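The values are calculated or read from the model by the stated rules, or taken from the named source; none is laboratory data. Source: prediction; values computed, not measured. Neighbour counts run over all protein chains shown; Cβ positions are idealised from the backbone, glycine included.
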């Protein structure tokens, strides 16, 4: 998973810690780094935060070799008994619950919960959450290295519209990221199209895990996600894409978001990052304008006898919990619902019974959009 995918989970489940601090803990504890695999504990057992299993833990466990700090900076080996989760969402939710799960822990982590800044929270976690005498410094370094503060300002706000969230992603990066066509995956640098893709994913227009494409793959979304409009129709939240279709990659194309008929926001080489500029003279030519629309499918009629096979996600749900309540596995939920990540949201409908060959409600993948990137074809799908 990319950092943006974990950030979405942090924004959804981190109620006690700043999302930036939660993500710094994840990076430190799981060994996450761009292009590298997570630790065995994180990948095989979904334990992203190195949480150990005490005597009160009733869930699954795994014993692994690890190192402990004696409080003086000296490391010694032990065999640790760790919690084993069914999904990353469950790991995030349990991590957040750790700080208030018992009266003792509520008192124990009081300074963590009272901290008013990410830096103060990092300091409060040292000696409580972790024995490492350099824990606070390590977390702070990771927050700065990966610009994790940006995810604090993007913490979930249900009152924001998709257009608000699209623009909020851009405005919260003003002055905080640089332009790079080589290191374009974020979170510290983007090019014009990877910035647009990141904002579209955050705003919910594209699913989590969608590859960060280019202007050509944006053009391929015309007719599905993007509806062509005339220049005279542009308004806040529309996209512009410039360059000749079929030959717009690299410096031959450009893209960004319309703030008003007079102003745009985009990641641009000339400003070395994300900037607000006049629209005229900055979009590139030839320029095309698009209105965004959400992907929608119409669910088929359900037979009365099969209604129990569909579960509507409630606030606080995660895949492991839903699977346990319905006597299935997380892998089943992934397969039956064509899921690509652990991220779910209230109101989402999930199939919780195995579809049969003659089921009138059997989920069929519907290709909502298709684009090609780096000689691979990607299908954005949703169950009908």
Restricted to the stretch 100-109 and to residues being surrounded by 13 or more Cβ atoms within 10 Å (Cβ to Cβ) and assigned to a helix (DSSP H, G or I), the residue modelled with the lowest pLDDT is 105
A careful count of residues in the stretch 253-267 that are over 19 Å from residue 168 (Cβ atoms) and touching a residue at least 24 places away in the same chain (Cβ under 8 Å) gives 3
Residues of the stretch 253-263 being over 25 Å from the mean Cα position of the chain (by Cα) and either modelled with pLDDT of 95 or more or loosely packed, with under 13 Cβ neighbours inside 10 Å (or both), in sequence order, are 253, 260, 262, 263
Given the conditions (1) surrounded by fewer than 16 Cβ atoms within 10 Å (Cβ to Cβ); (2) in contact (Cβ under 8 Å) with a residue 12 or more places away in the chain, every one holds for residue 76 apart from (2)
Of the residues in the stretch 23-54, those that are exposed (fewer than 13 other Cβ atoms within 10 Å of the Cβ), over 23 Å from residue 126 (Cα atoms) and within 18 Å of the chain's Cα centre (by Cα) come to 34, 35, 36, 37
All-but-one check, residue 201 against (1) more than 20 Å from residue 6 (Cβ to Cβ); (2) in a helix (DSSP H, G or I), failing number (1)
Restricted to the stretch 315-344 and to residues being surrounded by fewer than 12 Cβ atoms within 10 Å (Cβ to Cβ) and not in a helix (DSSP H, G or I), the residue modelled with the highest pLDDT is 327
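Conditions tested, residue by residue: (1) in contact (Cβ under 8 Å) with a residue 40 or more places away in the chain; (2) surrounded by fewer than 22 Cβ atoms within 10 Å (Cβ to Cβ); (3) in contact with a strand residue (DSSP E or B) (Cβ under 6 Å, 6 or more places away or on another chain); (4) assigned by TED's automatic domain parsing to the domain that holds residue 259.
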site: 164; (1), (2), (3), (4): no, yes, no, yes
site: 173; (1), (2), (3), (4): yes, no, yes, yes
site: 190; (1), (2), (3), (4): yes, no, yes, yes
site: 196; (1), (2), (3), (4): yes, no, yes, yes
site: 214; (1), (2), (3), (4): yes, no, no, yes
Those residues of the stretch 179-198 which are under 13 Å from residue 270 (Cα atoms) and assigned to a helix (DSSP H, G or I) amount to 192
| said: residue 221 - would you say it is over 23 Å from residue 278 (Cα atoms) and surrounded by 21 or more Cβ atoms within 10 Å (Cβ to Cβ)? | reply: yes
* To do: For the stretch 277-285, state whether one or more residues are in the same structural domain as residue 175 (by TED's automatic domain parsing), in contact with a helix residue (DSSP H, G or I) (Cβ under 8 Å, 6 or more places away or on another chain) and either without any contact (Cβ under 8 Å) to a residue 40 or more places away in the chain or exposed (fewer than 13 other Cβ atoms within 10 Å of the Cβ) (or both).
  => yes
Among the residues of the stretch 1-48, the number that are farther than 17 Å from residue 343 by Cβ, in a loop (DSSP other than H, G, I, E, B) and touching a residue at least 12 places away in the same chain (Cβ under 8 Å) is 5
Those residues of the stretch 49-99 which are out of contact with any helix residue (DSSP H, G or I) (no Cβ under 8 Å at 6 or more places or on another chain), in a helix (DSSP H, G or I) and within 21 Å of residue 328 (Cβ to Cβ) amount to 91, 94
